[in-house]
Each structure stands twice: as structure tokens, then as C-alpha cells.
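A.B. asks: There's a structure below that I have some questions on.
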Amino acid sequence: IGYIVYLFRWNAMIAFRNTIPSVLVLLAIFLLSTEVSALPSFSRQAGEPCTACHVQAFGPSLTPEGRNFKLNGYREIDKENAKVIPLSAMVRGSFTNTQSGQPDGAADRFGSNNNATMDEAALFYAGRVTSKVGAFVETAYDGVERKLALGHTDIRFADQARLAGKQLAYGVSANNSPTVSDLWNTTPVWGFPWASSPLAPTPAAGTLIESLGGQVGGVTAYMMWNNLLYVESGGYTSLARNVQQTVNTFDPVQNKIDGGAPYWRVALQHNHNGHYGAVGSFGMRANVNPQRMQGAGTDQYTDFGFDATYQYLTNPRHIFELNATYIRENRDMNASMALGLAEKQNSSLDTVRIRTAYTFQQTYSLDLNYGQTSGTADNIIYFSTDPISGSRSGKPNNQAFTAELSYAPFGKTVSTLASLANLRLAVQYVHYFQFNGGIRNYDGLGRNAVGNDTLYLSGWLAF
């Protein structure tokens, strides 16, 4: 931990000299506008242990109580802590080894292999603002890219009513990424793995709904009826260039949404004596200017997602989870064809994620995850002669299996120490069956998919 703190202090000085301080100024104004006066976490605010809301006592995997806490706008508060500032922070450090090194370095300032780094440090405003408004606002420093930026943001108005004699929870979320408002840990923003190496090669292909975080703004309205039916709908648009530059999320080659992009989410859930299950669908449709280029019309992306969740919560000593997600993306690349950025006008991309997990005493956890991406080959979009990140086949296909063991010693009580600090230690191994469309010599320069197999050791401290 001392090494992580040292790295954070050293890198933070560089970050403040090279990034726009507006993020911190805006956050400070936001915090000073609230009538509160201390420094707790969600646990401290609600007077509950972390295990009340989180499976594994740490991370995005929520219990039914955790989903209700988010649904109702992060507003639940213990009366004794009514004047507590809902601030928290976290820092994550790691060590990365890949089966084959990266000759030009894993990133700027890093060697070809066996690298230690501070992955991320972040400050959160996470909790009640007023009696009907709550917020989750993250400001994060990337230790690899040396960049401070606005992270996940979800500001909610929430209330309760009755509909057809049943309880109705409803609200409005203003956020900066599709699915960041979601209650389940199956959608792109909150899907497993909770943390992964920033210094290991990653596949090139991905759906639009997975790639917009931090570069868009949106508003969605939602409702949960009878603790059974959840419906959410709204829309997103790309933030103006100067706004993205201010919050340090600007990417000059990122697709830009033309106008607005509708988003939807629907789910059915049921909890019977500790057996919790949910099935649902989500998606969005967007017309985009490819790589922010205008004048050639737009491409159209339509993403349909389906997901299912099961949790065995009957015995708190033994918790089992099973998640599955499928996303189908259909593309009409009319503008990209005209600009020479795509070979085919009509194409598709499919992603599948299946996760199973076991947690013992909310302390020791084993997560197993299989992920697969497949789709239409395109010798312009996917073909590349770059070493390691390239593809000689022009196919988006990838297959990987991830196994992770984790240990979370704190967070199971409401003691002062447990509510002020939580720790997660994890060892993760990623094995690639296929990478960027190939198994052997996938980049045309002799690298095999298994060369990107990754051993990732991480320490994650929240306080």
C-alpha cells in the first residue's frame, strides 16, 4: 500500500501540471453546495456493512438490497450520519505478466513485460444530495496514461408512489455512459472483470454501446413496479468537444453521435427465499459520424442486448452467481464506405459473456468467465499490419477464458474501521483461444493468441 501511495503522489503532481483542473473545481463546487460535514463511504452513510449491498463485499456485483439502494437514488441514510459527507476514494495498483513480451513496451515508460504500476486513483461523491436526489460522481486519475478525467457519473432524482395498488419506484438519471445507470452487473459498464490490466494487449473489436463512456451525456427515466418489472428509456448524445476536453475524455477518432441516440432497458426480477433471478433486454440505436468526420452522411448502429442473472443468497456463507449477456450489433456503414473507412456497407458483431462465481463467507471468491466476439470480416475496419494489435485476417473474432481468485478481508461489519476502508486482493489469469481473428500468427508477424495470456495481480483499496 505504501508503494501505491508513493506512486500516486509522484504521478499526481504530473497530472495536475498536464490536465485541466476544471474537473476538480466543478466537483468542489458540487460538494460545497451540500449541507454535510464528514468523510464516510456508502457503508458509513447507510449504517450497513458492505455485504448488505455487495456480493464479495466489494465491487459492482450487487445484492437485492444494493439494487434497491441504487434504484432509490443512493439516498438511504442512517439518521445518526445525516450530516456526513458521502465522499470516498480508492487506489488500485498491480503487476502484469504476459506470456510473450511486447518488444516496444507495454505502454510509454514501461518495459516489454513484468510491469508494476498504479492503475488508477479516484475520488467519489457517492450518496444523498437532498431528500430526493442522490449522486455517484467519479473523478479518476489514470496511472498509465497520466491523465485525470471525469469517470462514471450518475445523478438521480428518485421517489415512490402506488400504481394499481402496488409499490412504484421511479426516477430520472442524468449520466455519462449507456448502462451506467443499470441495476445489474451484466451490462457493459459494470460487467466482469471488475478490474483488468491496462498494460496487456486487448482485442480490437467492440460494440458501440461499450465504447461511449465519458464521451456522451444522457437522461433516462425509469420505474420499478411491484419489485418485479423494471423499465428504463431515454437518450444520449455526444458531448461537445470543449466539454470533453474540459473533463479530459476527448478522443479525436471516436465516433460522434449525430443528434440523439435512444436507449432502452427492460427487466423482470424475482427473489424467492434467497433465490434471486432476473432476465432482461437493453440496447440503443445511433446515427454516427465515423471518426468525427462530417460531410459523407452517417453510419447507423443498432445494438440489442439480452441478459440473465441468478444469485443463490440463502446461506450467507456460500453465495453462488451465474450471469449471461449477449449483444448483437447491426451496422449500416454508409458514411464509412464513402470515406474509405469500411469495406462492407452491412455488417454485424456479436458478443457473448458467461460468468459463474462462488463466494465463501463474503471473503474468498472464485470468478470464472468466458467471453467471445464474432462478426463480419472487414479488411479495412479490422485488418492491420501493426505488431501485437494487428490482424492479418481482417476478422473481429476473439475468444478468452478468465479465472480470478480474490480476497476481501474487511467490509463485513459496521465498525468504524470497516466502514472507512475496504481492501480487495486478486490474482487473475486470462487465456486467449483466439485474438484479433486468429489463433496462430494472428498479426502476420509471428505472434500467437496465447502470447497475450495475462497474469494480473492487483491490490484495490477503497476508503
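A.B. asks: Which whole-number value in Å² is the accessible area per residue of the stretch 417-463, probe 1.4 Å?
C.D. replies: Accessible surface, normalised per residue, equals 39 Å².
A.B. asks: Next question. Over the chain, one equal point on each Cα, no solvent: what is log10 I(q)/I(0) by the Debye formula at q = 0.07 Å⁻¹?
C.D. replies: -0.36
A.B. asks: Once the Cα atoms of helix 2-18 and of the chain are each reduced to a long axis, what angle between those two axes, in degrees from 0 to 90 to the nearest 10, is obtained?
C.D. replies: 70
A.B. asks: Let me ask something else about it. Find the all-direction average of the projected area of the Cα convex hull for the stretch 101-177, expressing the result in square nanometres with one decimal place.
C.D. replies: Result: a mean projected hull area of 8.0 nm².
A.B. asks: From the residues V129, N441, T351, which one has its Cα farthest along the dipole of the chain in the positive direction, the dipole being from +1 and -1 charges on Cβ of Lys/Arg and Asp/Glu about the Cα centre?
C.D. replies: The Cα lying farthest towards the positive end belongs to V129.
A.B. asks: In percent, what relative contact order does the chain have, based on Cα pairs under 8 Å that are 6 or more apart in sequence?
C.D. replies: 14
A.B. asks: A further question on this structure: Past 24 Å, Cα to Cα: identify those pairs from K344/K395; K166/K412; K147/K412; K132/K412; K70/K256; K70/K132, in the order given.
C.D. replies: From K344/K395; K166/K412; K147/K412; K132/K412; K70/K256; K70/K132, over 24 Å: K166/K412; K147/K412; K132/K412; K70/K256.
A.B. asks: Let me test this: with uniform point scatterers at the alpha carbons of the stretch 357-402, what is the Debye-based log₁₀ I(q)/I(0) at q = 0.14, 0.18, 0.20, 0.27 1/Å?
C.D. replies: -0.51, -0.63, -0.69, -0.96
A.B. asks: Hey, rough spin-label estimate for A174 and M223, points 7 angstrom out along Cα→Cβ, what's it come to in nanometres?
C.D. replies: Placing both labels 7 Å beyond Cα along the Cβ direction yields 2.3 nm.
A.B. asks: So how much slack lies between H431 and F360, counting 0.36 nm per residue of separation and subtracting their Cα-Cα distance, in nm?
C.D. replies: 23.1 nm
A.B. asks: Roughly how many percent of the accessible protein surface of the chain is carbon and sulfur, given a 1.4 Å probe and a whole-percent answer?
C.D. replies: Exposed carbon and sulfur together represent 59 percent of the surface.
A.B. asks: Measure nothing fancy, just the Cα-based angle from helix 22-32's long axis to the longest principal axis of the chain, in degrees from 0 to 90, nearest 10.
C.D. replies: Between the helix axis and the principal axis of the chain, the angle is about 10 degrees.
A.B. asks: Please say if the stretch 187-238 is rounded, prolate or oblate, where rounded means a/c under 1.5 for a ≥ b ≥ c the square roots of the C-alpha gyration tensor eigenvalues, and otherwise the choice is prolate for a/b larger than b/c and oblate otherwise?
C.D. replies: Verdict is oblate for the stretch 187-238.
A.B. asks: While we're looking at this one, here's another question. Hey, got the Cα dimensions of the stretch 239-329 along the principal axes, in Å, largest first?
C.D. replies: Result, largest extent first: 58, 27, 16 Å.
A.B. asks: How big is the dipole moment of the stretch 385-457 about its Cα centre under a simple scheme where the beta carbon of each Lys and Arg is +1, that of each Asp and Glu is -1, and everything else is neutral? Debye, nearest 20, please.
C.D. replies: Taking the Cα centre of the stretch 385-457 as origin, the dipole is about 80 debye.
A.B. asks: Still on this structure: Counting other C-beta atoms within 10 Å, and keeping those with at most 16, which DSSP coil GluC sites (Glu not before Pro) do you find in the stretch 97-175?
C.D. replies: Here the sparse-neighbourhood loop sites are E145.
A.B. asks: Can I ask one more? Please give the calculated 222 nm ellipticity per residue for the chain, where each DSSP H segment of at least 4 residues contributes -39500 (n - 2.57) and the sum is spread over every residue; nearest 500 deg cm²/dmol?
C.D. replies: -3500 deg cm²/dmol
The values are calculated or read from the model by the stated rules, or taken from the named source; none is laboratory data. Just so we're clear, the structure is a prediction, and the values are computed from it rather than from any experiment. Every residue, glycine among them, receives a Cβ derived from its backbone with ideal geometry; neighbour counts consider all protein chains shown. SASA here: full protein model, heavy atoms, side chains in, ligands and nucleic acids out. Shrake-Rupley method; radii C 1.70, N 1.55, O 1.52, S 1.80 Å.
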